[in-house]
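Data block below; observations after.
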Amino acid sequence: MAYNGSDRGGLLTAGGVLSIIAGAFEVIGGGIIVALVSLRIPLRLWLSSFLLGVPGNWHACSWAVVPILPMIMGGLLLVLGIIAIVGGVSAVKRKSYGLSLAGAVCALIPLNLLGLLAVIFISLGKREF
């Protein structure tokens, strides 16, 4: 249905923006995971040396092979983030309800409050598409 000018327009825009923000966080997080795994830097060592300022023993923690599970998880987080961003843009432009809701659900996957609010706001704004 067409948008009739009611005050629900803010809900759909807010849901789209929240989906874009949550998707951006997912893309950044997935990119960091993929970069750390592909550079063979153990996440535990990276967190302790760079974020906490604790010196680490880089030579004792080298990996012989790239671990598959963190690489898959990082790649999946990247893909979900991209879908969340595309769905958020679709919600702001009021193009496709299905894509917007799918993007909000992808923003919800890491169980954050932004994704939950995006799903609620986009679901409430279904009549605006």
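The values are calculated or read from the model by the stated rules, or taken from the named source; none is laboratory data. None of these values were measured; they are calculated from a predicted model. A quick note on method: Cβ atoms are made from the backbone with ideal geometry, for glycine too, and the neighbour counts reach across all protein chains shown.
A few remarks follow.
- Residue that is modelled with the highest pLDDT [pool: residues in region 2-59 that are loosely packed, with under 14 Cβ neighbours inside 10 Å and under 30 Å from Leu124 (Cα atoms)]: Ile28
- Unmet requirement for Met73, which otherwise passes all of (1) within 14 Å of Leu12 (Cα to Cα); (2) out of contact with any Gly (no Cβ under 6 Å at 6 or more places or on another chain): (1)
- Close pairs from region 25-46: first among the acidic types (Asp, Glu), partner modelled with pLDDT of 90 or more, Cβ under 6 Å, at least 6 apart: Glu26/Leu77; Glu26/Leu80; Glu26/Gly81
- Residue list for region 118-129, restricted to those being under 16 Å from Val89 (Cα atoms), part of a helix (DSSP H, G or I) and either in contact with a His (Cβ under 8 Å, 6 or more places away or on another chain) or not β-branched (Val, Ile, Thr) (or both): Ala118, Phe121, Ser123, Lys126, Glu128
- Checking every residue in region 63-82 against the condition of being over 30 Å from Phe121 (Cα atoms), modelled with pLDDT under 90 and in contact with a Lys or Arg (Cβ under 8 Å, 6 or more places away or on another chain) gives at least one match.
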